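Q: Here's a structure for you.
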Amino acid sequence: MELLKLPERPNWRDRARDLGFNFADMYGEPYWDEGHVWRFTMGQIEGCIEDPCTELHALCREAVGRIIGSEALMVRMGLPRAQWDFIADSWARAEPELYGRFDLAFDGTGPAKLLEYNADTPTSLYESSAFQWLWLEDQIKAGVLPEAADQFNGIHEALVERFAAICAPGQDLHFAAMKDSPEDYGTVETLGWAAREAGLGAHYTDLQSIGLTADGQFADSEDRVIGALFKLYPWEDLFADDFAQYLASSGCRFIEPPWKALLSNKAILPMLWQMFPDHPNLLPAYFVGEEGAGLEHGHVEKPIFSREGAGIRIVQNGAVIEASDVADYDAHPRIRQAYHPLPQFEGWRPVLGAWMVGEACVGLGVRSDRSRITQNLSRFQPHVILD
Amino acid sequence: MKRSGHVALAILGAAAFGLAGCQETATDAASFPDLDSCLKAATQDGWFTADDCRTTFAEAELLHDETAPRYDSAALCEEQHGEGNCQPDASAGPAGGGGGSIFMPLMMGYLLGSALSGGRPVAQPVFGRAGGGYSTPAGTGISRLGASGKVPTEAFAKAPVTKGQPAMTRATVAQRGGFGTTGAGRSTSTGG
């Protein structure tokens, strides 16, 4: 694993604009950064990322089954009791998962360590599956990279296959995201394209425009009943919204299924550590107040629900050495995870986003930051496999 | 190779979902008033075979039953679909709670479309339109049965189910805005 400096494609901003990738710059900072490129060997990709993540997902499924079977464990997940049956039923019915993203710390040598699992609403899908792919094709054509250069990126094809496998032919699927978030919309439309390619009917609606019919079903902005809904909106937030009481009785099928609320939840980290202690890809993790071995060199304290690094504090020798300044999540219960510093490559600290589709790991996207906590100002830097 | 052979590259903005099918792909289509006329037109090496005629006709009949518009009076139905072009909804028995009968247009033929991605052909039922011509449940118009040509693939997306619903094509929305308030209070994107 190394950080390469490669010439940017002279026209990449035009390409981004033409394709509608309008969040290549965000908050006045560059987000897409193809001047820095992560190089992996095939052995690193397959042995350190692909296979371990497929295994981690299997462990997560095992943990879900255990938590759902235990009231004592369900209590720890911080989800409203009124939704427990809804969650458990979706697991009992074996409602299939669509996608997710493991965030990993990896320096090219030791085992990759799981930082957290974005199992419910992972974004950065467009830049991972499409724009990164185009970058590689362009750079091979331009002779910047050799013909043999490859990328761990079967995301699009895997999504098409997955949609075809988990939906009926021609089934209508609604896609909802929060209004006015181009980043979220990019992820939702990437999924919509895959659904269409799988022969499904894909329809978009703003999440806020969803209505409740007289029969208690959900309907889109044009009053059409929603039979199946992909929502790029966290389960724990849906559970707190006014329409939460209608979720179970609406007859709507949700993607991700409700049981994913247990995985996109940092309470899963201590659960996993308890079930699979000393697993090479896991870091020691505990609920606050129940700390055990492995936190001696410092810990990261995280609210059980948070996105984009929000609400995280890094503590070493009893002192806070870095904290994110977004306090939106401070009301949630917290966990502590052993502090595993991200490796540094010329000041860049990469977090590897390993994409899961169904139960398999199918691709990689790398976001890097100059600070210790990867937040939504980090940069997306493409990767290449070159042996 | 560890990467996809192709990917979908464009983000089109908020209108993309409605338009993508139409803009991106048109598919071969042919309409028939009945199964027999489809069978006569089918060829072994064409894009549909006699077997495709039979399976898609059965599918179209099923879709008609599930998704054809419903009306609460014969007069209203005929107003939309032409005189003599309506029938009572057999699935909504007189004991069906709501009291009055439900009416729906007669299936007058079907629209056959070539497969979207290498699968077998797909079909939609068609019924009469007041003022002439025909329509699928989702609203794709056809001027005459027996014609063939290109149709957006979107025309073969299934229309919302109307069977068992109150007699109107769309649901009555009682309230909106019950989702999104929790996430909207935050300063960052909802994804992660």
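Yes/no per residue for (1) of a type outside the set (S, T, N, Q); (2) surrounded by fewer than 19 Cβ atoms within 10 Å (Cβ to Cβ):
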position	(1), (2)
A:ALA58	yes, yes
A:ILE68	yes, no
A:VAL75	yes, yes
A:GLY78	yes, yes
A:ILE87	yes, no
A:SER90	no, no
A:LEU98	yes, no
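Q: Out of the residues in region B:137-156 that are at pLDDT below 80 and within 9 Å of another protein chain (Cβ to nearest Cβ), which is nearest to A:CYS252 (Cα to Cα)?
A: Per the stated criteria, the residue is B:GLU154.
Q: Does region A:249-281 hold any residues that are part of a loop (DSSP other than H, G, I, E, B) and not polar (S, T, N, Q), and which are they?
A: Result: A:GLY251, A:CYS252, A:GLU256, A:PRO257, A:LEU263, A:LYS266, A:ALA267, A:PHE276, A:PRO277, A:ASP278, A:HIS279, A:PRO280.
Q: For region A:208-222, which positions are closer than 18 Å to B:GLY180 by Cβ, of a type in the set (Gly, Ala, Ser) and either within 7 Å of chain B (Cβ to nearest Cβ) or crowded, with 21+ Cβ neighbours inside 10 Å (or both)?
A: Correct list: A:SER209, A:GLY211, A:ALA219.
Q: Determine, yes or no, whether A:ALA261 is surrounded by 23 or more Cβ atoms within 10 Å (Cβ to Cβ), farther than 26 Å from A:SER90 by Cβ, of a type in the set (A, V, I, L, M) and within 17 Å of the chain's Cα centre (by Cα).
A: Answer is no for this residue.
Okay, residues lined up against (1) of a type in the set (Gly, Ala, Ser); (2) buried (at least 19 other Cβ atoms within 10 Å of the Cβ); (3) more than 18 Å from A:LEU134 (Cα to Cα):
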residue: A:LEU6; (1), (2), (3): no, no, no
residue: A:ASP14; (1), (2), (3): no, no, no
residue: A:GLY20; (1), (2), (3): yes, no, no
residue: A:GLU29; (1), (2), (3): no, no, yes
residue: A:TRP38; (1), (2), (3): no, yes, no
residue: A:GLN44; (1), (2), (3): no, yes, yes
residue: A:GLY47; (1), (2), (3): yes, no, yes
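Q: Of the residues that sit in region B:87-109 and are in contact with an Asp or Glu (Cβ under 7 Å, 6 or more places away or on another chain) and at pLDDT 80 or above, which one is farthest from B:ASP36 (Cα to Cα)?
A: B:ILE102
Q: Keeping to region B:27-60, report how many residues are within 14 Å of another protein chain (Cβ to nearest Cβ) and at pLDDT below 85.
A: Count: 1.
Q: Among the residues of region A:308-326, write down those that are within 14 Å of another protein chain (Cβ to nearest Cβ) and at pLDDT 75 or above.
A: Selection gives A:GLY311, A:ILE312.
Q: Being aromatic (Phe, Trp, Tyr), under 28 Å from A:GLU359 (Cβ atoms) and within 8 Å of chain B (Cβ to nearest Cβ) is the requirement here; does A:TYR246 meet it?
A: Against the criterion (aromatic (Phe, Trp, Tyr), under 28 Å from A:GLU359 (Cβ atoms) and within 8 Å of chain B (Cβ to nearest Cβ)), A:TYR246 does not qualify.
Q: So how many residues does region A:331-349 have that are under 18 Å from A:VAL300 (Cβ atoms) and either of a type in the set (D, E, K, R) or in contact with a Leu (Cβ under 7 Å, 6 or more places away or on another chain) (or both)?
A: Of the residues in that region, 7 qualify.
Q: Among B:GLY84, B:GLY113, B:GLY178, which is the only one that is modelled with pLDDT of 75 or more and within 18 Å of the chain's Cα centre (by Cα)?
A: Working: B:GLY84 fails: within 18 Å of the chain's Cα centre (by Cα); B:GLY178 fails: within 18 Å of the chain's Cα centre (by Cα).
Sole residue among the options that is modelled with pLDDT of 75 or more and within 18 Å of the chain's Cα centre (by Cα): B:GLY113.
Q: Looking at the structure I just gave you, is B:TYR134 buried (at least 21 other Cβ atoms within 10 Å of the Cβ) and at pLDDT below 90?
A: yes
Q: Looking at this structure, is A:GLN83 within 21 Å of A:TRP133 (Cβ to Cβ) and in a helix (DSSP H, G or I)?
A: Considered against the rule, which asks whether it is within 21 Å of A:TRP133 (Cβ to Cβ) and in a helix (DSSP H, G or I), A:GLN83 comes out as no.
Q: Tell me, yes or no, whether region B:27-35 has at least one residue that is out of contact with any strand residue (DSSP E or B) (no Cβ under 9 Å at 6 or more places or on another chain) and surrounded by 14 or more Cβ atoms within 10 Å (Cβ to Cβ).
A: No, region B:27-35 contains no residue that is out of contact with any strand residue (DSSP E or B) (no Cβ under 9 Å at 6 or more places or on another chain) and surrounded by 14 or more Cβ atoms within 10 Å (Cβ to Cβ).
Q: From A:LEU283, A:LEU247, A:LEU232, grab the single residue that is modelled with pLDDT of 95 or more, of a type outside the set (D, E, K, R) and surrounded by 22 or more Cβ atoms within 10 Å (Cβ to Cβ).
A: Just a single option satisfies the conditions, and that option is A:LEU232.
Q: Still on this structure: Out of the residues in region A:116-152 that are surrounded by 24 or more Cβ atoms within 10 Å (Cβ to Cβ) and among the β-branched types (Val, Ile, Thr), state the one that is farthest from A:ILE268 (Cα to Cα).
A: It comes out as A:THR123.
Q: Further question on the same structure: For region A:295-323, how many residues are more than 25 Å from the chain's Cα centre (by Cα) and either surrounded by 18 or more Cβ atoms within 10 Å (Cβ to Cβ) or touching a residue at least 60 places away in the same chain (Cβ under 8 Å) (or both)?
A: The total comes to 1.
Q: Restricting attention to region A:332-345, which residues are assigned to a loop (DSSP other than H, G, I, E, B) and in contact (Cβ under 8 Å) with a residue 12 or more places away in the chain?
A: Matches in region A:332-345: A:HIS332, A:PRO333, A:TYR339, A:HIS340, A:PRO341, A:LEU342, A:PRO343.
The values are calculated or read from the model by the stated rules, or taken from the named source; none is laboratory data. Treat the numbers as computed from the prediction; the structure is a model and nothing was measured. Quick reminder, even Gly has a Cβ in these numbers, built from the backbone with ideal geometry, and neighbours come from all protein chains shown.
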